[in-house]
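Novice: Got a structure for you, questions after.
The values are calculated or read from the model by the stated rules, or taken from the named source; none is laboratory data. For clarity, every value in this text was computed on a predicted model and none was experimentally measured. Note that we place each Cβ from the backbone using ideal geometry, even for glycine, and neighbour counts take in every protein chain shown. Calculation scope for accessible area: heavy atoms of the full protein, side chains included, ligands and nucleic acids excluded. Shrake-Rupley method; radii C 1.70, N 1.55, O 1.52, S 1.80 Å.
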Amino acid sequence: MISLLLMLAAQAQSPTPTEAPMTVERAMRCASATRQVARAAGKLAFADGVRSVYFIMIAAREAPGHEPFFERVKSLTATIGTYPVAANIAADMTASCLKEESRAGGEASGTLPADAAERDEMCAGTIALLDGLAIGYRNSSGDGAPAARWEPVLATFVQRLERSAKSSAGAGNMSMILGQEAQLATRIGSPETVAGMCEAALH
């Protein structure tokens, strides 16, 4: 199980867009603005952090190159300071960003794959990223509730993958699949939205 989690820095292929995408620049400034507004309110809640990361995921999805998806997310996160937003426009920009990308506000624009194996792959990739954020949030804030929620859900999907026929396809292929599915999931909703759909699918 641990070895599978470590493989989640996956190769990702860009899906054919079905909508006018945000540019990398716009998505990164949206990430910066939403984070700034949340911090100005006094505390960066877990949902605020996930919303900001979702915009970074959009930027990673639209970024050129062949770097693995999660590596692109990590690299862009490290550069968020190079996309400053003036304090006096951060709130208006956040509102504009959420209007432009309503999925960042919790809306869903699709459903999980009907194929059970593909659904498990998308859920494992998305929840692995979300759980990583939850662990970081626990370490920085002392609030362990998000991690306590998502760690067992992630474990369930990883176990399902390990039992599936595709788990014998090899580490490289599985990493590619999980990364691609996590990237595709950004067109359905934010990590919390997609993870919630995955959680519901278990019941």
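Novice: What percent do you get for the relative contact order of region 50-182 when only Cα pairs under 8 Å and 6+ apart count?
Specialist: Working: 81 pairs, mean separation 33.4, N = 133.
In percent, rounded to a whole number, it is 25.
Novice: Rounded to a whole number, what % of the accessible area of the chain do carbon and sulfur atoms account for, probe 1.4 Å?
Specialist: In the chain, the share of accessible area belonging to carbon and sulfur is 56 percent.
Novice: Right, something else. For the Cα atoms of the chain, what angle does the longest principal axis make with the long axis of helix 69-78, in degrees from 0 to 90, nearest 10?
Specialist: Approximately 30 degrees, to the nearest 10.
Novice: Extension gain S164-A47, at 0.36 nm per residue separation less the Cα-Cα distance, in nm?
Specialist: Result for the pair: 38.9 nm of gain on full extension.
Novice: Assuming R0 = 25 Å, what is the FRET efficiency of D115 and H203, from their Cβ-Cβ distance, to the nearest 0.05?
Specialist: Between D115 and H203 the formula returns 0.85.
Novice: Round to the nearest 10 and give me the degree value, 0 to 90, for the angle of helix 24-40's Cα axis relative to the longest principal axis of the chain.
Specialist: The angle comes out near 70 degrees.
Novice: Now for a different question. Could you tell me what % of all Cα pairs in the chain have separations over 27 Å?
Specialist: 26 percent
Novice: Hey, what angle do you get for helix 191-201 against the long axis of the chain, alpha-carbon based, 0 to 90 degrees rounded to 10?
Specialist: 40 degrees
Novice: Calculate for the chain the 222 nm mean residue ellipticity that helices alone would give, adding -39,500 (n - 2.57) per DSSP H run of length 4 or more and normalising by residue count, nearest 500 deg cm²/dmol.
Specialist: Numbers: 9 runs with 131 residues, N = 203.
Calculated at 222 nm, the ellipticity per residue is -21000 deg cm²/dmol.
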